[in-house]
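Here the structure comes first, spelled out in structure tokens, and everything after it is commentary.
Just so it is clear, none of the values below were taken in a lab; they were calculated from the coordinates. As the structure is a computational prediction, the values presented were derived from the model and not from experiment. Neighbour counts run over all protein chains shown; Cβ positions are idealised from the backbone, glycine included.
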Number of protein chains: 2
Amino acid sequence: VRIALAQTNSIVGDIQGNSRLIVAEAQRALKSGADLVAFPELALSGYPPEDLLLKDHFVLDCSEALLEIAESVPDIVVVVGLPLQEDDRCYNAAALTSQGSIVGWYRKIWLPNYGVFDEQRYFTPGDTVLVAQVEDSRIAITICEDIWRANGPGEVAARSGGASIILNLSMSPYHRGKGLERAGMLRERALASGLPVIYVNGVGGQDELVFDGQSLVLDGGGEVVARAAQFKDDLVLVDVELLSVGEGWRPSGIDSSDPEWRVQRAVVPHRSRHVGAEQEPLSETLRETMSSAGEVYAALCLGVHDYVKKNGFEKVVIGISGGIDSALTACVAVDALGADQVNLISMPSRYSSEGTRSDAECVANKLGAQFRVIPIEDLFVQYMSTLAPHLQGGEAGVTEQNIQARIRGNLLMAMSNKFGWLVLTTGNKSEMAVGYATLYGDMAGGFAVLKDVPKTLVYELAEYRNAQDGDGGPIPPTTLTRAPSAELAPDQTDQDTLPPYGLLDRVIEAYVVDDKSVQEMVDAGLPGETVRKVVAMIDGNEYKRRQSAPGVRITPKAFGKDRRLPITNRYRG
Amino acid sequence: VRIALAQTNSIVGDIQGNSRLIVAEAQRALKSGADLVAFPELALSGYPPEDLLLKDHFVLDCSEALLEIAESVPDIVVVVGLPLQEDDRCYNAAALTSQGSIVGWYRKIWLPNYGVFDEQRYFTPGDTVLVAQVEDSRIAITICEDIWRANGPGEVAARSGGASIILNLSMSPYHRGKGLERAGMLRERALASGLPVIYVNGVGGQDELVFDGQSLVLDGGGEVVARAAQFKDDLVLVDVELLSVGEGWRPSGIDSSDPEWRVQRAVVPHRSRHVGAEQEPLSETLRETMSSAGEVYAALCLGVHDYVKKNGFEKVVIGISGGIDSALTACVAVDALGADQVNLISMPSRYSSEGTRSDAECVANKLGAQFRVIPIEDLFVQYMSTLAPHLQGGEAGVTEQNIQARIRGNLLMAMSNKFGWLVLTTGNKSEMAVGYATLYGDMAGGFAVLKDVPKTLVYELAEYRNAQDGDGGPIPPTTLTRAPSAELAPDQTDQDTLPPYGLLDRVIEAYVVDDKSVQEMVDAGLPGETVRKVVAMIDGNEYKRRQSAPGVRITPKAFGKDRRLPITNRYRG
């Protein structure tokens, strides 16, 4: 049997658009001789549809679109994810269509309800393993979480249902290194069942989530024999030829002379079951790539690209300060959207140094983005004058610093309102964590590119980006070496207020990502005073984060759907 | 047996503070002769603790605090809600303590995972019904959702466990009319089991949720025999005296001469089971009160009070325009916090009319709140001048309107930064729905008082509030009758852009609260063009709402945890 893995980029709620994409990909697969084409989880509705699933008519519209798909591509078996309403219950389902009709349904059994997932809010779990006979193959169909569980439906199908292939439709959100986790898990499933595993993952950005693709095919020995592109759509074909049940699999080449699409030739040899083998499923080089700074950078680009385009924007605007965060944000925006779509605005104040002013312009020139300067001095003076009778002449402090940041926010929003540019914010995860950012100031904007990137990783990414260009790259060395500063007061540096970023990021990792207690962090060797100060800052700034723009999730726990802390919260542990 | 219902106001995460409150209330109950005192669901941790529950040390700290409580009040049986960790599982539990130790545990069986609830994210469901013998009574212990299900653990305990009383610990969030729903449901449970039902609900505001109290005692015939205060803490005592099992209950009076606390005398006569009886469980007057404008107003006051105080603020600041929304917000703030804590700032522009300017001052004077005027003209002129080269002299439009709103947001935030005042925003649900508000402008602030109050209800509440004062109340008649306007452009009114509020609110109710499709709304008689326009506005403004401040939930579906729609979303159905 020839199987096509259609690694598609659906748009949430765009049932018609997703249908057209599914039909087009199915036709491409058919033209290349595939017997079956498999799409990701909920590919028809887009993923995650969240509370759209509470609208009966939305789920019904998906079912209607499925019938049209079945009729449009009768000559290939289509396996596609969509929500299915039956009586009062909704399932996260996979439909099988063939010859113009729906010939089978699988209903996801394991519904994740942790991290970024809320599937028990919407779905009833299925209770039936499905093995689909296609040609002479028996394919166990599973959906995402199903395959993360040992002895899940795939293995049950292998043992009791005579399955010869395990197919999994996924929408597995990216975080750094997630691909390796997945490959390791899939290897375990292949080894446990002795069957080839065909893992079809979606791709694309959806609000804070990025799906990285990397659909995989593993043979029954757990070796990866085919891998789809990361961070872009792809169509991968594999031949799985059954000699006779129980005897083994014979590799069979694919000969495609159609130049229109990429055909990845892959064979799935049968292997005897060898649990615990030490053999690497992926080459060492690929393993390194799969959690590198370059991978993170590509995730940010896809996240920005899809948020901008899927929300109907063309151009973006970024306030560029001459610091590293806005420089990196500008690089990502240009690489994601093209230099012509990116507007960089420098908004110097009385506290901006010559160095940062010229670095800002330098980044813009190197990137070839639109650049303009709008000084904020006159507005700042006017605010001070308007507020003088009310601020009662107290010492300049946070109030005056925030006013500068908010003037900049207003100016960017004015340009956004006038020209329809989406404002990208530049704050990093370290700042978001401790609230070292001005609400309605530098936090004003529609998408927060570096929201989940700790400051230490910002440097890594900047160096990675610079290394891509022969000329040293777009970010000036001075930007990389200058002590970080908000430049909102004379001779200010971030470290007046914050611990060194190396230390801060370790505390954030332990507290935010790993949920460690203060005591555990101190026991692990982190300095108690710093830990307590940082924890208090993180907890005390939940209100700011709640009003922040969404941003690309690239760690196992971002400040988004995967971290739901109350604002009103007196716990300090 | 004498049972005390301790309707307490816990603070999320304040384990020590909540413990002290629990001990103090248990001592009060003991002094009045109670054998058992029951506290709300998760009273020890506060509710909902959200992702604090993912911190093992948090759950452990709760268990340690429970031991101290048990030792502090050995002479009364305490039933109190807290999270319980066992192996890798966490339960939403109720502990029974007596004589200094923990004598029993109940683990919540039904875990709600819809609406504002995410309990399956945290908890494993229990599987054991608990009947606690206290004196000669056998008390079935249940938690919140357990009792909303027919044939739930209470009824099972009645049939199989020989229970003579059903006790329920709840944290049931308020929405308008929720008390009547609860009373109706509890009546069904009492009638189905033939047993008295003791329903202990918590009280207080927690971020967007308000818990209204109204703990209830129903006899076995489904009649309400005791009801605790709404929107404030309370301690209610009931005597339930068992003559002999199966024979019936004899009322017994309570004589408390302790003046320190309110003792509500209530008796729980046994009644034969009479399912389907037409008898009203609550007096007609009370029924009317229970979903009146006054009830909503009280909910807003409690929500504001608790958000401000529990987050460590004393004073608030509100931009007051002379319109009805800010006038009502000011009333709620003053009634919740006292006039001395409320700062009202009028920020007139070139487009502000004499009428609104003087109405703003009038409201402030009537309320006795601090009032000041900060004109924004000079700042507006300066923005126009700074931006002139960049806005390319296009026609004045939304950009210029938003600049005015954002100047006001900045000024309020400056006062907030300087003096530690919390900014209360004034936008209503109708505006939040269609995005008729400026992000970082009038949306700037920490708490959005009217966020879930549709404009038509704003008028109702304003009239309710005015009717409370002999002199006609704080809101001038002109404010009530003037056509609503943002006053950001010459001769502007809301209805230049929006359908009449009566119609708009009906569409919002149908689309947002009831999840109706466009077709269903049209079939129900709403005008198609308006429906499509409003739906597009609601969907297109998800990004704004995502950056809005939390506000008090007073309807069955607010723009908060109970409505989780993607920003990137192309569905228009």
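Quick notes on this one:
- The radius of gyration of the Cα set in the range B:51-103, together with its Dmax, comes out at 11.4, 34 angstrom.
- Among B:Ala158, B:Pro389, B:Val308 the positive-end extreme of the charge dipole of the protein assembly as shown (Cβ point charges): B:Pro389
- Relative contact order [Cα under 8 Å, 6+ residues apart], chain A, whole percent: 11
- In summary, the helical segments of chain B meeting the span-like criteria, namely a full DSSP H run, a Cα extent along the axis of 27 angstrom or more and a mean Kyte-Doolittle hydropathy of at least -1.0, are B:398-419.
- Simple spin-label estimate for A:Glu529 and A:Thr478 gives 3.5 nm between the two label positions (7 Å along the Cα-to-Cβ direction from each Cα).
- Percent of C-alpha pairs per 20 Å bin in the protein assembly as shown, short distances first: 11, 38, 37, 13, 1.
- Debye intensity ratio in log₁₀ form over the Cα atoms of the range B:351-475, taken at each q of 0.12, 0.16, 0.18 Å⁻¹: -0.58, -1.01, -1.22
- Peptides A:130-137, A:222-229, A:492-499 ranked from most to least packed, by the mean per-residue count of other Cβ atoms within 10 Å: A:222-229, A:130-137, A:492-499.
- The alpha carbon gyration tensor of the range B:31-158 gives principal lengths a ≥ b ≥ c with a/c of 1.5 or higher and a/b no greater than b/c, which makes the shape oblate.
- Under a model in which nothing but the beta-carbon of Lys, Arg (+1) and Asp, Glu (-1) is charged, the protein assembly as shown shows a dipole of about 460 debye around its Cα centre.
- For the range B:102-113, backbone phi angles converted through the Karplus equation (6.51, -1.76, 1.60; θ = phi - 60°) give residue-by-residue couplings of 7, 10, x, 9, 10, 10, 3, 8, 9, 10, x, 9 Hz, Gly and Pro being listed as x.
- The range A:431-573 - charge dipole about Cα centre, Lys and Arg +1 at Cβ, Asp and Glu -1, debye rounded to 20: 700
- Largest to smallest principal axis extent of the C-alpha atoms in the range A:125-177, angstrom: 39, 22, 17
- Within 10 Å of the Cβ of each residue in A:411-424, the mean number of Cβ atoms contributed by other protein chains is 4.
- Using θ = phi - 60° and Karplus 6.51 cos²θ - 1.76 cosθ + 1.60, couplings along the range A:34-43 (whole Hz; Gly, Pro as x): 6, 8, 9, 10, 10, 10, x, 3, 6, 5
- For chain A, share of DSSP beta bridges that run antiparallel, in % to the nearest 5: 60
- Only helical runs count toward this figure. For the protein assembly as shown, summing -39,500 (n - 2.57) over DSSP H runs of n ≥ 4 and dividing by all residues gives -11000 deg cm²/dmol at 222 nm.
- Per-residue shielding of B:397-407, expressed as the average number of other chain Cβ atoms within 10 Å of the residue Cβ, stands at 4.
- Shielding score for A:381-387, defined as the mean number of other chain Cβ atoms within 10 Å: 6
- The calculated Kirkwood hydrodynamic radius for chain A is 25.5 Å, given to one decimal from all distinct C-alpha pairs.
- Its relative contact order, with pairs defined as Cα atoms under 8 Å and 6+ residues apart, puts the range B:113-194 at 26 percent.
- Among beta bridges identified by DSSP and lying wholly in the protein assembly as shown, the antiparallel ones come to about 60 percent.
- When peptides B:528-536, B:43-51 are ranked by their average number of other Cβ atoms within 10 Å per residue, the highest-first order is B:43-51, B:528-536.
- Over 27 Å between alpha carbons, listed pairs A:Lys516/B:Lys178; B:Lys55/B:Lys108; A:Lys544/B:Lys366; A:Lys232/A:Lys557: A:Lys516/B:Lys178; A:Lys544/B:Lys366
- Overall form of the range B:462-573 per C-alpha gyration tensor (a/c, 1.5; a/b vs b/c): prolate
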